[in-house]
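Each remark here refers to the structure printed beneath this line.
The values are calculated or read from the model by the stated rules, or taken from the named source; none is laboratory data. All values derive from a computational prediction rather than experimental measurement. All Cβ positions, even for glycine, are placed from backbone atoms using ideal geometry, and neighbour counts span all protein chains on display. Side chains included, ligands, DNA and RNA excluded: accessible areas come from the protein's heavy atoms. Shrake-Rupley method; radii C 1.70, N 1.55, O 1.52, S 1.80 Å.
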Amino acid sequence: MIEKASAAGPVESAEIVTNGPDAAATQPDYRSLPMESLQTSPTNPRRRIDEKTIESLAASLRSQGVLEPLIARRLGEKYEIVCGERRYRAATVAGLAELPCLVRELTDEQVLDIQIHENLHREDVHPMDEAYGYSVLKERLGCEIKELALRVGKPEGYVLNRLKLNQLIEAVRKDIEEDFLPLTYALEIAKYTPEIQKIIYAEVYRREGKYKGDRYVHTPVKGEMVPFRAFLEWINTNVHHLLSRAAFDPKATNLRTDGLACTNCAERTGALVSLFERNQIGKRDACLDPSCFRLKTHRHVEVRRQELADLREVHPSEVPLVRSCCYADGDGYLGTQSAVVISGAKRGAKGKDCKKATDAIDIETENYGKTVQVCLKTTGCKTHWLESRTKTDGNSPPATNKEQESAERLESHRSRREEIWNAKVAEVVRIRVLKLAAEKFEKKFRFTDVGTDLLPQLVSRFWRMTASGDSNNLNGVVKKLISEWEREADRKQGIDLDNRWNVIEIFKKLDRGFQFRILFLLIHCDKGTIGYGNNYTSQKQVKELAAEFEGDYALIDAEVRLEYSAKKHKESHEIYLAALQKKDGAATVPKLFSGRWKAAD
């Protein structure tokens, strides 16, 4: 055995190069040491050794012996294995009595240096072993990451990313150990705090819908990853909060008890340039602590409200909180029924000057924390609260102000009821028109030259775009009509489209006609979308779509009105429908509440 070890090279003159202090090479003491005198090193960063490779190496040692000596140092009556634990374990399995070793006098720091270079520079080293090794070396040497990177000969960002793996939550560690989670995904998850890691981890695997008892649940399928690009997009959308879009000033020091400003915080992409790419720093600097971001956002409203109260010398509760795009009042805020937003809001501002206007704070999502000018209903402002006037003929006596206001309120209420009724009818009609058009589109246009893989990819792409930008139409139009078609086709299991990561695979299983219908809906489902809060919008595009695919919009509209009207209005709608069926050009839509209301077409 000793002769074979010597044949591998002039071991008597071998030198061990280390990076620690006083690490000058000394002549190694070559010995053949008994197995019982050797012990493993507690600082060896390589903690995972495949037992199958141990068996294979043991067989090699039985036939060829030990071709490369171990590196060891004396510790009392024993010798600590600095490098070669894998050979030591294989020799134990092979039943060898002794092993060739190069015995050196080494400090703890030198031992660590040798182990890092010997073990962590191997191509087959496990990333968690690498992470552990760097953390041990950093702690023992008491050095910064930049110095550690120089010592191990790796880029600073590489070392920092590996060190972050030590901060992974247990569930992620376990999946890495069991080879469910690729390193690229783990490195992304490791960038965040444990609380955020739990949220991100829940999105890393594709979900599969299954029945559990009487409930349909979606469970992650370990090992089946969502696309990496989509995974990053989800993190950027749901975890990162751009400081440039914050309601508060990122430099503010009065939003936390410790006075920490966002620009000085370590939990942001701009402070971790070695972890995040250049497009995530600078103007794209984002907060990585959603709970702190929310806390500062809410605190900003409190601070701004106090500032406005001090200027007006009133209590903060007298500074209104408003929602510029919400009609009804809520708990603690005013809607447009009580506060007309004049300026400062992205949507809903009336733009008319008012001497009775006052400052308020908008808590609408897209304008949260911004100061807006509002006119309150309690001021009795005739510019914003009595814009219309009740008309009287010359023979009628003039109405008193109180009677006039009462009449205006009543007529406004009736007009609003008429608008809501027409909006609800229009929504049902447009869905029926879209269904009719999609079915005729499928029959009229058969794109046989479109590849079998391209069409599902195209449909999936439109689906994801619609899901991220127009979820209301996706749920209220596309999914609704898919459900209707499924019942017509008597599908037993239906289409599970809640898991958007797996949409493309689902679409590949559908017949091409169904794919074309869905594609058509995704392209056109936004046409004629009814406004927020049942505010009627123009149905011109829907009418044009109906005409293009030979549908009678007016007839469909009349059928829906009859179907959805109250019992007391059935007769008038039956007369209207019959007139349209007879092609009576003089037929007019029945007015149920107010003759003043007119469609926006």
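Multiply the residue separation of residue 567 and residue 256 by 0.36 nm, subtract the distance between their alpha-carbon atoms, and state the gained length in nm to one decimal. Please report the intermediate quantities before stating the final value.
Numbers: separation 311, 0.36 × 311 = 111.96 nm, distance 5.96 nm.
Using 0.36 nm per residue and subtracting the Cα-Cα distance, I get 106.0 nm.
Accessible area of residue 413 (1.4 Å probe, protein heavy atoms only, ligands and nucleic acids ignored): about 110 Å².
In summary, the lysines within cross-link reach of residue 567, defined as a Cα separation below 19 angstrom excluding same-chain residues under 8 places away, comprise 424, 591.
Could you order 225, 128 so the one with the most accessible surface comes first? Probe is 1.4 Å. Intermediate results must be reported in sequence, preceding the final value.
Working: 225 45, 128 5 Å².
Descending accessible area places them as 225, 128.
Label sites at residue 51 and residue 547, each approximated as a point 7 angstrom past Cα along Cα to Cβ, lie 7.8 nm apart.
The accessible area of residue 151, taken with all protein chains in place and a 1.4 Å probe, comes to roughly 40 Å².
Across the range 548-558, coupling constants 3J(HN,Hα) worked out from phi with the 6.51/-1.76/1.60 Karplus curve, θ = phi - 60°, read 4, 10, 6, x, 9, 4, 4, 5, 4, 4, 5 Hz, and Gly and Pro carry x. The trypsin sites (Lys or Arg not before Pro) of the range 539-601 that meet both conditions, a loop assignment by DSSP and at most 15 other Cβ atoms within 10 Å of the site Cβ, are 582, 583, 591, 596, 598. Shape analysis of the range 63-108 places it in the prolate category; the axes a ≥ b ≥ c from the Cα gyration tensor give an a/c of at least 1.5, with a/b above b/c.
A probe of 1.4 angstrom, applied to the heavy atoms of all protein chains, finds residue 421 with accessible area near 30 square angstrom.
If you take the square roots of the eigenvalues of the alpha-carbon gyration tensor of the range 90-246 and sort them as a ≥ b ≥ c, do you get rounded (a/c under 1.5), prolate (a/b over b/c) or oblate? Judged from the Cα gyration tensor, the range 90-246 comes out oblate (a/c at least 1.5, b/c at or above a/b). Proximity of backbone amide H atoms, modeled 1.01 Å from N, is registered between residue 326 and 336 at under 5 Å, excluding neighbours fewer than 5 places apart on the same chain.
Residue pairs exceeding 29 angstrom between C-alpha atoms, taken from 377/480; 283/370; 440/508: 377/480.
In what sequence, largest accessible area first, do 315, 241, 384 appear using a 1.4 Å probe? Don't skip to the end; give the middle numbers.
Numbers: 315 115, 241 50, 384 15 Å².
The most accessible residue leads, giving 315, 241, 384.
Computed from Cα atoms, the angle from the helix 512-524 axis to the main principal axis of the chain rounds to 70 degrees.
Against the main long axis of the alpha-carbon atoms of the chain, helix 85-94 sits at an angle near 70°.
Considering only protein heavy atoms, with the full assembly of protein chains and a 1.4 angstrom probe, order 329, 557, 353 by accessible area, largest first. Each step should come with its number before you reach the end.
Working: 329 60, 557 15, 353 140 Å².
Correct descending sequence by accessible area is 353, 329, 557.
For residue 555 and residue 591 in the same chain, what is the full-extension length gain: residue separation times 0.36 nm, less their Cα-Cα distance, in nm?
Values: separation 36, 0.36 × 36 = 12.96 nm, distance 1.67 nm.
That pair, residue 555 and residue 591, stretches by 11.3 nm at full extension.
Taking GluC sites (Glu not before Pro) across the range 247-334, the ones in a DSSP loop with at most 12 further Cβ atoms lying within 10 angstrom of their Cβ are 277, 313. Please tell me the relative contact order of the chain in percent, rounded to the nearest whole number, where contacts are Cα pairs under 8 Å and at least six residues apart. Reported as a whole number, the value is 8 percent.
Among the GluC sites (Glu not before Pro) in the range 27-105, those placed in a DSSP loop whose Cβ has at most 12 other Cβ atoms within 10 Å are 77, 105.
For the chain, the longest principal axis of the C-alpha atoms and the axis of helix 51-64 are separated by about 20°. Rounded to whole numbers, the Karplus 3J(HN,Hα) couplings from phi for the range 573-590 are 6, 5, 5, 5, 5, 4, 5, 5, 5, 8, 6, 7, x, 8, 5, 10, 5, x Hz, using 6.51 cos²θ - 1.76 cosθ + 1.60 with θ = phi - 60°, and x at Gly and Pro. Karplus-derived 3J(HN,Hα) values for the range 591-601, using 6.51 cos²θ - 1.76 cosθ + 1.60 with θ = phi - 60°, are 9, 8, 10, 9, x, 6, 5, 10, 5, 8, 8 Hz; glycine and proline are entered as x. Annotation for the range 152-169 versus the range 313-377: alpha-carbon center distance of 49 Å. Placing R0 at 56 angstrom, the Cβ-Cβ distance between residue 538 and residue 74 gives a FRET efficiency of 0.05 after rounding to 0.05.
Once you sort the root eigenvalues of the Cα gyration tensor of the chain as a ≥ b ≥ c, which label holds: rounded (a/c under 1.5), prolate (a/b larger than b/c) or oblate (the other case)? Here the chain falls in the oblate category.
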